[in-house]
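In what follows, a single structure is set out as C-alpha cells and then discussed.
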Amino acid sequence: MNKRVNILGLAFENTTLDGMTETIKQRIAANKKTFIVTANPEIVMYANEHADYMNTLKNADFIVPDGIGIVIGSKILKQPLEERVAGFDLMHNLLHVANEQSLRVFFLGAKEHVIPKTVQNISKAFPNLIVCGYHHGYFDWHDKSILTMVKEANPDLVFVALGYPKQEMWINDALPLFEKGIFMGVGGSFDVWAGEAKRAPELWRKLNLEWLYRFIKQPARWKRMLLLPRFLVKIIKEAKKSNCGNKKKHA
C-alpha cells in the first residue's frame with residue numbers, strides 16, 4: 001500500500017494513530033530529528049494560497065490528517081486514507097512514550113496564564129516525563145533568546161502551540177540548530193490540557209463530528225467553517241482533472 005496520499009500538493013501519511021506513534025517511537029530511539037505537521041483543511045487551503053507556507057510544510061518529515069475533511073477528500077480522490085490522526089491524540093500518545101522512557105519535553109505556546117496550567121496537568125498525568133522547560137507563545141518572533149532556551153534545555157520532544165502558520169514556520173526555522181528531537185505543532189492542544197477548552201465528547205469524535213461540536217461551542221468559528229466547502233470544491237475539481245488525465249492516457 002502507498003504510505004502517502006497527495007492532497008492538493010501535500011503528501012499525507014496513510015497510517016493509523018497507533019502506526020504513526022510507533023513510527024515516531026522508532027525515530028526517538030534512533031535520535032532522528034523529526035518535524036511533524038498535523039494538517040486539517042484550513043491548513044491545506046492556507047498552504048495553497050501561500051507559497052512560503054507550502055514550502056515549509058513540504059520540509060516536514062510527516063504530515064498527518066488531522067481533520068475528517070482530509071479523509072473525505074482522500075476518498076473523493078480515490079486514494080482513501082486509513083483514518084483521521086488527530087493532533088491531540090498523537091500528542092497524548094507521545095506524552096505516554098515520554099513518560100515510559102523518562103524523556104525530556106519542552107512546551108512552547110499558548111497564553112501566559114495557560115502554559116503553567118498545561119504543564120502542571122501534563123506533569124500530573126505523566127509523572128515520569130521530564131519537563132525540561134516551557135514558555136508562552138507571546139514573544140517577539142526575532143527574539144533569539146527563546147530559541148536558545150529551547151536548545152539549552154536539550155529536549156527529546158518539543159510541542160509548539162502557536163497556531164498555524166506560526167508554529168510550523170517557527171519549527172522550520174529552528175530545526176537546523178538542533179541535532180535531535182521530535183518537533184510537532186499542536187494548535188490549541190495546550191488549552192485543552194489546561195482546562196481552558198474542552199474536546200468533543202468521545203461519541204462525537206467517533207462519529208467524526210468534532211468539527212460540529214466546536215462550531216456549536218464557538219459560533220464565532222463560522223468563517224473558518226466556510227473553508228471546508230471551498231476545500232471540497234477544490235478536491236472535486238482535482239479529482240475531475242485526474243479522471244480526465246487518466247481517460248486521455250487510455251484513449
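The values are calculated or read from the model by the stated rules, or taken from the named source; none is laboratory data. Every value quoted in this text rests on a predicted model; they were computed, and no experiment measured them. All Cβ positions, even for glycine, are placed from backbone atoms using ideal geometry, and neighbour counts span all protein chains on display. The accessibility values were calculated without ligands, DNA or RNA, using every heavy atom of the protein model including side chains. Shrake-Rupley method; radii C 1.70, N 1.55, O 1.52, S 1.80 Å.
Just a few scattered comments:
- Restricting region 1-83 to trypsin sites (Lys or Arg not before Pro) that sit in a DSSP loop and have at most 12 other Cβ atoms within 10 Å of their own Cβ leaves K3, K78.
- On full extension, the segment bounded by Y46 and H96 gains 14.9 nm, given 0.36 nm per residue less the C-alpha separation.
- Distance violations [Cα-Cα > 32 Å] among K33/K117; K25/K58; K32/K241; K124/K180: K32/K241
- Average accessible area per residue (Å²) across region 1-153 - probe 1.4 Å, nucleic acids and ligands excluded: 46 Å²
- Surface share of carbon and sulfur [accessible, 1.4 angstrom probe, percent] for region 51-139: 48 percent
- Amide hydrogen neighbours beyond the local backbone of I7, cut-off 5 Å, H modeled: F12
- Annotation for A30 and L177: the two label points, set 7 Å from Cα along the Cα-Cβ direction, are 2.7 nm apart.
- Each residue was assigned an accessible area with a 1.4 Å probe, and for D52 the value is about 90 Å².
- Over region 34-120, the ratio between the Cα radius of gyration and 2.2 N^0.38 Å evaluates to 1.29.
- Length-normalised contact order for region 1-81 - Cα pairs under 8 Å, 6+ apart - percent: 36 percent
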